[in-house]
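Peer 1: Take a look at the following structure, please.
No lab work stands behind these numbers, since they all come straight from the coordinates. What you see is a predicted model; the values in this text were computed from it and never measured. Virtual Cβ from ideal backbone geometry, glycine too; neighbours counted across all protein chains shown.
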Amino acid sequence: MNFQHTYVVIMAGGVGTRFWPFSRQSYPKQFHDVLGVGRTMLQMTFDRLAEICPPENVYIVTSQEYYDLTKQQLPQLSDHQILLEPSRRNTAPCIGYACYKIAARDPQANIVVTPADHLILKEQEFVDRIKVALDATEKSDLLVTLGITPTRPDTGYGYIQFDDQAEGEVKRVKTFTEKPHLQLAQAFLESGDYVWNAGIFVWNANSIRKAFESYLPEMDEAFRDMATHFYADSEATQLLRAYPQCRNISIDNGVMEKAQNVHVVLSDIGWSDLGTWKSLYEVSEKDENGNVMDGHIVTHNTTGSIIKTPKERLVVVEGLQDFIVAEFDNVLMICPKDQEQKVKEFVADATKRGFEFV
């Protein structure tokens, strides 16, 4: 693995509605210290990749409205490392933009792409798995993804079937399956040749451009036309012309499910996409009553709950079992943990009522 030719792309443009009221359009979860550890999700993602490449090789792709938050949290980045999408169009355009920009500077680039808001508990194991993938992609025409060893038949994740006869740590991918129903997820778990799709990718600049050329030719054309404008004052203007040519499509649907050269590195890294309050509850440290608490909180007869409130406010909770109590910026949400799928409804209701808190 060549340190100088390795690059990291961190995708930090999502809103993360399911984490409302913390995650807002104006202040999404990747910019929060969700775990109460003194570092935001974005900063933790940046930190854990420090031994993969130099800081000047890290690129953040986000929305224009999050430029200030990104700059505040990662002041060491120059402006050309903060890529501002003019509109949200799913992961394929954002990955294409970043990879074509990196390739314009370094055609030998070997690139890691990762979301900004995932939790990885076994950080050294994660780095080791990434290095295995980087060694494979450095000189080979491969598109590699990290596959997480599943711990339960989760219906909220995508699954990857791999060739379990293959030698070595980089295994050929047979199929992708999006969010299966419970019975199918159970069968995947029992078969032993399925892993969760973590949405973490590794490839070299040449391989990903070839894949775009084959499977997303309109994006390939749009970003190739920008080649002379990357790192120049004209980049933002050209991007406004390029983005409408890009379909709203994920990298999984657009490239990974179609390409023949997709491989997976099996990874047991303590991963969670931290997509919901329940997932945060599951990975957090609990007190003797099974509560997860972050704030100035006193509980009585309360068990199995997650309570996250402002430090300056005393919160007293009596008699709750398996609840979410979350307060941020003048919004308080109290909801049973098993009803957390209604959070999107709450946000829709708040929007209809004209609240400025979404």
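Peer 1: Would you mind checking K71/K344; K71/K278; K29/K311; K122/K278; K174/K210; K210/K258 for any pair whose Cα atoms are more than 24 angstrom apart? Kindly include the intermediate steps, with their values, before the conclusion.
Peer 2: On the way: K71/K344 29 Å; K71/K278 30 Å; K29/K311 18 Å; K122/K278 20 Å; K174/K210 20 Å; K210/K258 13 Å.
Checking Cα-Cα distances, K71/K344; K71/K278 exceed 24 Å.
Peer 1: Any idea what log10 I(q)/I(0) is at q = 0.09, 0.10, 0.15 Å⁻¹ for the chain, Debye with uniform C-alpha scatterers and no solvent?
Peer 2: For the requested q values the scattering log ratios are -0.52, -0.65, -1.37.
Peer 1: Report the paramagnetic label zone for E169: residues of region 1-21 whose backbone N is under 12 Å from a point 7 Å from Cα along the Cα-to-Cβ axis.
Peer 2: Residues 1 qualify, since their backbone N sits under 12 Å from the label point.
Peer 1: At a Förster distance of 30 Å, what's the computed FRET efficiency of Y27 paired with N248, Cβ-Cβ distance as r, to 0.05?
Peer 2: The calculated FRET efficiency here is 0.80.
Peer 1: Right, here's the next one. Would you calculate a helix-derived [θ] at 222 nm for the chain, using -39,500 (n - 2.57) for each DSSP H run of n ≥ 4 and dividing by the full residue count, to the nearest 500? Please list the in-between numbers first.
Peer 2: Details: 10 runs with 100 residues, N = 358.
One gets -8000 deg cm²/dmol as the mean residue ellipticity at 222 nm.
Peer 1: Taking H placed 1.01 Å from N in the peptide plane, check which residues at least 5 places from G290 or on another chain put their amide H under 5 Å from its amide H.
Peer 2: Here the answer is G304, since their amide H atoms fall under 5 Å of that of G290.
Peer 1: Could you identify which residue out of A12, A242, A116 has the top mean-square fluctuation in a GNM of the chain using Cα springs shorter than 10 Å?
Peer 2: Looking only at A12, A242, A116, the biggest GNM fluctuation is shown by A242.
Peer 1: Only Cα pairs within less than 10 Å get springs; with that Gaussian network setup on the chain, which residue of G13, G156, G96 has the largest fluctuation?
Peer 2: Of G13, G156, G96, the most mobile in the Gaussian network model is G156.
Peer 1: Given Cβ point charges of +1 (Lys, Arg) and -1 (Asp, Glu) and nothing else, what value in debye, to the nearest 20, does the dipole of region 67-147 about its Cα centre take?
Peer 2: Details: 9 positive and 11 negative charges, 37 e Å.
Around 180 debye, computed over region 67-147.
Peer 1: Between the helical axis of 91-105 and the dominant principal axis of the chain, each derived from Cα atoms, what acute angle in degrees is found, rounded to the nearest 10?
Peer 2: The two axes meet at around 50 degrees.
Peer 1: Here's a follow-up. How many angstrom separate the Cα center of region 63-121 from the Cα center of region 147-218?
Peer 2: If we compute the Cα centre of each part, the gap is 23 Å.
Peer 1: Mind putting a number on the dipole of the chain about its Cα centre? Charges go on the C-beta only, +1 for Lys and Arg and -1 for Asp and Glu, and I need it in Debye to the nearest 20.
Peer 2: Details: 35 positive and 50 negative charges, 134 e Å.
That gives a dipole near 640 debye.
Peer 1: Set Lys and Arg Cβ to +1 and Asp and Glu Cβ to -1, take the dipole of the chain about its Cα centre, and tell me which of W20, P115, F46 lies farthest positive.
Peer 2: W20
Peer 1: Got the relative contact order for the chain handy, in percent, Cα pairs under 8 Å and 6 or more residues apart?
Peer 2: Numbers: 694 pairs, mean separation 69.0, N = 358.
It rounds to 19 percent for the chain.
Peer 1: Under a Cβ-only charge scheme (Lys and Arg +1, Asp and Glu -1), can you give me the dipole magnitude of region 275-358 about the Cα centre, in debye to the nearest 20?
Peer 2: For this selection, approximately 260 debye.
Peer 1: Also, I was wondering about something else. Per-residue counts of other Cβ atoms within 10 Å, averaged by peptide: what ranking do you get for 87-95, 310-318, highest first? Kindly include the intermediate steps, with their values, before the conclusion.
Peer 2: Values: 87-95: 20.6, 310-318: 12.0.
Per-residue Cβ counts within 10 Å, averaged per peptide and sorted highest first, yield 87-95, 310-318.
Peer 1: Still on this structure, I have one more. Given a Förster distance of 51 angstrom, what is the FRET efficiency for R353 paired with K139, based on the Cβ-Cβ distance and rounded to 0.05? List each step's numbers first, then the result.
Peer 2: Working: r = 57 Å, r/R0 = 1.12.
Step by step, r from the Cβ atoms, then E = 0.35.
Peer 1: Here's another thing I want to ask about it. Given the options A98, A185, A348, state which has the largest fluctuation in a GNM of the chain using a 10 Å cut-off (strictly under) for Cα springs.
Peer 2: A348
Peer 1: Apply 1/(1 + (r/R0)^6) to the Cβ-Cβ distance of N261 and H80, taking R0 = 41 Å, and write down the FRET efficiency to the nearest 0.05. Don't skip to the answer; put the middle values down first.
Peer 2: Numbers: r = 30 Å, r/R0 = 0.74.
FRET efficiency, N261 to H80: 0.85.
Peer 1: Then there's this: Relative to the first principal axis of the alpha-carbon coordinates of the chain, what is the inclination of helix 343-352, with its axis defined by its Cα atoms, in degrees from 0 to 90 and to the nearest 10?
Peer 2: 90 degrees
Peer 1: Now for a separate question. Could you give the angle, 0 to 90 degrees to the nearest 10, between helix 182-191's Cα long axis and the longest principal axis of the Cα atoms of the chain?
Peer 2: 60 degrees
Peer 1: Straight-line reach only, C-alpha to C-alpha below 17 angstrom: list the aspartates and glutamates that K171 could link to, leaving out same-chain residues fewer than 8 apart.
Peer 2: Within the straight-line limit of under 17 Å, K171 reaches these aspartates and glutamates: D128, D135, E138, D141, D163, D193, E257, D268.
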